[in-house]
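Just so it is clear, none of the values below were taken in a lab; they were calculated from the coordinates. Note that the structure is a prediction, hence the values are computed from the model and not measured. We place every Cβ from the backbone using ideal geometry, glycine too, and count neighbours over all the protein chains shown.
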Amino acid sequence: MNGMHVGIIMDGNGRWARGQGKPRWRGHLAGVDSLRDVVRGAPDLGVTTLTVYAFSADNWKRPPTEVGRLFWLLREYCLRERAELLENGVRVTHIGRRDRIPRSALRQLEETEHATARGRRLHLRLAIDYSARWAIAEATHALARKVKRGQLDPNAITPDLLHRRICGNVPEPDFIIRTAGEQRLSDFLLWELAYAELYFTPLLWPDFRRGDLAVALSEYRQRERRFGAVPAERAAKPEAAAS
Ligand code: FPP
C-alpha cells in the first residue's frame, strides 16, 4: 500500500447541532455519518491510510454525559460497522491510551481491530484518548528504559530512531484536514506532521462528505512539496540564472 496518508481533525459537531436546534450529541451522531461516508470514499481517492481524531486526551474535560455519549457512539460504531469495514478491506487500529477507555467500548474496539486485521484497502486509525505529546513522551520512556538496562547508547538516540518508535511502519501523513474553520493542530500527530500539508475548511464535520474530501485532495495535488529542498527545475540551473 503506497497511497496517501490523510489525517482529519473532525471538528464542528457541537456547532452543527446548535445550528439545527439539537443537543450536542446529535452533532456527534451526525459526525458518524460523515465518517462512514469518508471511509467508504477514501480508497477510490487514493487514500490508503486515514487517521481521524475522534477523542483527544483533552476531551475528558467535557461534561460526563457528553463523554459517555461519545464512548457509546464508539462502541456502536464498532459493533454496527464492523461487517462493512471487513467487507471493504478496511483495517481498523487504535492510537492513544487504552487504559482509560470504558471497558465495553474498548472491548468492541479491540474486537474490530482483531476482525479487520487483514484489511488491505484502507488503514483506518482511530485516535481515541490521544495526545501527540503523550505519544512522544511514551516513546521517550521506552528508549530511556533501554538506556537504563544498558541496551541502548544514548548517542544512538537520533530523530530516525525516535521516529521509528513513534510511527512504527505507518507512513507519515501527507495531508491534514481540519473542519469547522479552526486553524490549529490541537495536539494531533505533532511529530508525524513535520512535512504534512495543512488544509482548513469552514465546513462543519457533519456536513463533510467524500466529495469534500475529493475537493481537498485536488487542492493538495496542486501543491508543491519540497521537503526543504529547492524545486527541481531551479536546482538544475546555475546559481546566477536561478535568482
Ligand atoms: C469535535 O466537535 C468532535 C469531537 C470531539 C468528536 C468527534 C467524534 C465523532 C465524529 C463521532 C464519533 C467517532 C467515532 C469513531 C465513533 P466539537 O464537539 O468540538 O464541535 P464544536 O467545536 O462545534 O463544539
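Please verify whether ILE136 is farther than 24 Å from VAL47 by Cβ and assigned to a helix (DSSP H, G or I), treating the condition exactly as stated.
yes
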Checklist outcome for this item: Across segment 34-53, the tally of residues that are within 12 Å of the ligand (Cβ to nearest atom), touching a Gly at 6+ places or on another chain (Cβ under 9 Å) and among the aliphatic types (A, V, I, L, M) stands at 2
Checklist entry - So, of the residues in segment 7-28 that are out of contact with any Leu (no Cβ under 7 Å at 6 or more places or on another chain), farther than 27 Å from THR49 by Cα and part of a helix (DSSP H, G or I), which turns out to be farthest from the ligand (Cβ to nearest atom)? => result ARG26
Checklist entry - For segment 74-93, how many residues are under 26 Å from GLU138 (Cβ atoms) and within 10 Å of the ligand (Cβ to nearest atom)? => result 5
Checklist entry - Residues of segment 75-86 being closer than 15 Å to ALA30 by Cβ and either crowded, with 17+ Cβ neighbours inside 10 Å or in contact with a Phe, Trp or Tyr (Cβ under 9 Å, 6 or more places away or on another chain) (or both), which ones? => result TYR77
Item to check | In segment 190-210, the residues that are in contact (Cβ under 8 Å) with a residue 40 or more places away in the chain and closer than 24 Å to GLY27 by Cα | outcome: LEU203, LEU204, TRP205, PRO206, ASP207, PHE208, ARG209, ARG210
Checklist entry - Yes or no: GLY31 free of Cβ contacts under 8 Å to residues at least 24 places away in the same chain, surrounded by 18 or more Cβ atoms within 10 Å (Cβ to Cβ) and near the ligand (Cβ under 7 Å from one of its atoms)? => result no
